[in-house]
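Visitor: Quick one: structure below, then a few questions.
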Amino acid sequence: MDATTKPGFAAEDRIGALEELLNERYSVRAFQPREVPREIIEHILTTAQRTASWCNSQPWEVLIVSGEAKERFRKAIYAEASRGLGEDYDFTPPREYVGVYLERRRESGFQLYNTLGIARGDRAAYAKQALENYNFFGAPHIAVIHTNEPLGVYGAIDCGGYVSNFMLAAQALGLGTIPQAAIARHSGLIRRHFNLADDRRVVCGISFGYADHAHKVNSYRTSRATVADTVTFVDV
């Protein structure tokens with residue numbers, strides 16, 4: 001047995017489990033209303049806390065918002081978003097999508113709209129669906145990920161690793177998730193609502209709970225580029 005392989009688990013089983021979780025995970029846009037037991041949430045958090053970070057700074061801090069507190073937050077952020085307010089990102093969003101990145105974004109968007117029966121070019125329906133971000137797609141819980149301003153973009157990058165591990169841990173425990181950059185459009189509201197310090201910077205949200213597998217919005221899957229599309233091997 002390889003020294004790096006945990007006793008009782010062959011290497012192919014370990015990578016197989018990871019591949020299975022990555023292949024199964026998708027962005028859930030319809031959830032069951034039932035809440036997740038606290039011990040399961042804490043298991044996810046304990047697992048995600050092992051995420052690697054720059055100088056082991058572990059810059060993520062997490063709000064887990066549930067129950068009545070989640071409903072108050074949902075109403076506040078939905079009201080701001082529905083009025084067209086809240087372009088106060090803490091981290092600069094993409095300036096534009098071009099080339100293959102635009103193609104991938106469009107493919108993903110059209111898959112969503114086609115699944116829901118939204119006609120191409122129906123901007124009112126697009127906007128209505130976008131607002132579902134602020135209903136958290138019916139999820140009973142939302143995690144709000146924030147970091148420390150002096151750490152800059154590297155703090156946010158480390159938080160991205162944490163988000164990925166949070167979602168994989170949730171998947172392993174039978175839950176669904178959706179990471180939401182849309183939440184970060186309302187960073188000022190989030191700081192005020194939760195009384196966060198001025199030096200906290202909102203990275204994103206993660207809505208999570210038990211997926212509603214019967215809902216049609218959860219029936220499609222996005223594609224992935226191949227290794228040949230994204231990797232260059234430099235050998236000489």
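Visitor: In the list Leu63, Leu18, which residue meets the criterion of being of a type outside the set (Phe, Trp, Tyr) and either out of contact with any strand residue (DSSP E or B) (no Cβ under 7 Å at 6 or more places or on another chain) or within 19 Å of Ala172 (Cβ to Cβ) (or both)?
Guide: Within the list Leu63, Leu18, the selection yields Leu18.
Visitor: List the pairs whose first member sits in the stretch 58-69 and is farther than 14 Å from Phe166 by Cβ, whose second member is at pLDDT 95 or above and surrounded by fewer than 17 Cβ atoms within 10 Å (Cβ to Cβ), and whose Cβ atoms are under 7 Å apart, counting only residues at least 6 apart or on separate chains?
Guide: Sorted first by the residue in the stretch 58-69, then by its partner, the pairs are Pro59/Asn148; Ser66/Glu35.
Visitor: Has the stretch 154-162 got at least one residue that is touching a Pro at 6+ places or on another chain (Cβ under 9 Å) and within 20 Å of Pro140 (Cβ to Cβ)?
Guide: Within the stretch 154-162 (the criterion being touching a Pro at 6+ places or on another chain (Cβ under 9 Å) and within 20 Å of Pro140 (Cβ to Cβ)), the answer is no, since none of the residues qualifies.
Visitor: In addition: Looking only at the stretch 102-154, which residues are over 21 Å from Leu63 (Cα atoms), assigned to a helix (DSSP H, G or I) and charged (D, E, K, R)?
Guide: Of the residues in the stretch 102-154, the ones over 21 Å from Leu63 (Cα atoms) are 102-131.
So of that shortlist, the ones also assigned to a helix (DSSP H, G or I) come out as 102-116, 123-131.
Once the filter is applied, which keeps residues that are over 21 Å from Leu63 (Cα atoms), assigned to a helix (DSSP H, G or I) and charged (D, E, K, R), the stretch 102-154 yields Glu103, Arg104, Arg105, Arg106, Glu107, Arg123, Lys128.
Visitor: For the stretch 155-181: of the residues being outside any helix (DSSP H, G or I) and among the small types (Gly, Ala, Ser), which is nearest to the chain's Cα centre (by Cα)?
Guide: Gly176
Visitor: Please identify the pairs in which a residue from the stretch 124-153 that is over 14 Å from Phe31 (Cβ atoms) has its Cβ atom under 8 Å from the Cβ atom of a residue that is of a type in the set (Gly, Ala, Ser) and not in a helix (DSSP H, G or I), counting only partners at least 6 apart or on another chain.
Guide: Short answer, once both residue conditions are applied: Ala125/Ala119; Val144/Gly205; Ile145/Gly205; Leu151/Ser57.
Visitor: If you don't mind, there's one more thing I want to ask. When the residues of the stretch 220-236 are narrowed to those that are outside any helix (DSSP H, G or I) and surrounded by fewer than 10 Cβ atoms within 10 Å (Cβ to Cβ), which ends up farthest from the chain's Cα centre (by Cα)?
Guide: Taking the stretch 220-236 first, the residues outside any helix (DSSP H, G or I) are 220-226, 231-236.
Still in the list and also surrounded by fewer than 10 Cβ atoms within 10 Å (Cβ to Cβ): 223, 226, 231-236.
Numbers: Ser223: 17, Thr226: 22, Val231: 24, Thr232: 28, Phe233: 30, Val234: 32, Asp235: 35, Val236: 38 Å.
So, considering only residues that are outside any helix (DSSP H, G or I) and surrounded by fewer than 10 Cβ atoms within 10 Å (Cβ to Cβ), the one farthest from the chain's Cα centre (by Cα) is Val236.
Visitor: Out of Arg29, Arg38, Arg50, which single residue is under 19 Å from Phe73 (Cα atoms) and of a type in the set (Lys, Arg)? Explain how you work it out, then say what you get.
Guide: Details: Arg38 fails: under 19 Å from Phe73 (Cα atoms); Arg50 fails: under 19 Å from Phe73 (Cα atoms).
Being under 19 Å from Phe73 (Cα atoms) and of a type in the set (Lys, Arg) holds for just one of Arg29, Arg38, Arg50, which is Arg29.
Visitor: For the stretch 183-203, what are the residues that are free of Cβ contacts under 8 Å to residues at least 60 places away in the same chain and either closer than 21 Å to Asp158 by Cα or among the acidic types (Asp, Glu) (or both)?
Guide: Scanning the stretch 183-203 gives Arg191, Leu196, Ala197, Asp198, Asp199.
Visitor: Then there is this: Taking Val202, is it crowded, with 17+ Cβ neighbours inside 10 Å, out of contact with any Phe, Trp or Tyr (no Cβ under 7 Å at 6 or more places or on another chain) and under 22 Å from Gly160 (Cβ atoms)?
Guide: Criteria met by Val202.
Visitor: Here's something else I'd like to know. If I go through the stretch 207-219 residue by residue, how many of them are in a loop (DSSP other than H, G, I, E, B), among the aliphatic types (A, V, I, L, M) and crowded, with 16+ Cβ neighbours inside 10 Å?
Guide: Going through the stretch 207-219 one residue at a time, the tally reaches 0.
Visitor: Please give the number of the condition Gly86 fails out of (1) modelled with pLDDT of 95 or more; (2) crowded, with 16+ Cβ neighbours inside 10 Å; (3) more than 18 Å from Ala143 (Cα to Cα); (4) of a type outside the set (Phe, Trp, Tyr).
Guide: Evaluating Gly86 over (1) modelled with pLDDT of 95 or more; (2) crowded, with 16+ Cβ neighbours inside 10 Å; (3) more than 18 Å from Ala143 (Cα to Cα); (4) of a type outside the set (Phe, Trp, Tyr) leaves (1) as the failure.
Visitor: Still on this structure, I have one more. For the list (1) out of contact with any Ser or Thr (no Cβ under 7 Å at 6 or more places or on another chain); (2) closer than 25 Å to Gly174 by Cα, I need the number of the one condition that Arg83 fails.
Guide: That leaves (2) as the condition not met.
Visitor: Something else about it: If you go through the stretch 81-94 one residue at a time, do you hit one that is under 18 Å from the mean Cα position of the chain (by Cα), assigned to a helix (DSSP H, G or I) and among the β-branched types (Val, Ile, Thr)?
Guide: Checked against the condition, which is being under 18 Å from the mean Cα position of the chain (by Cα), assigned to a helix (DSSP H, G or I) and among the β-branched types (Val, Ile, Thr), the stretch 81-94 yields no hits at all.
Visitor: If Glu42 meets every condition in (1) charged (D, E, K, R); (2) in a helix (DSSP H, G or I); (3) farther than 27 Å from Asn148 by Cα apart from one, which number is that one?
Guide: Exception for Glu42: condition (3).
The values are calculated or read from the model by the stated rules, or taken from the named source; none is laboratory data. As the structure is a computational prediction, the values presented were derived from the model and not from experiment. Methodologically, a virtual Cβ is constructed for each residue, glycine included, from the backbone with ideal geometry; neighbour enumeration extends over all protein chains shown.
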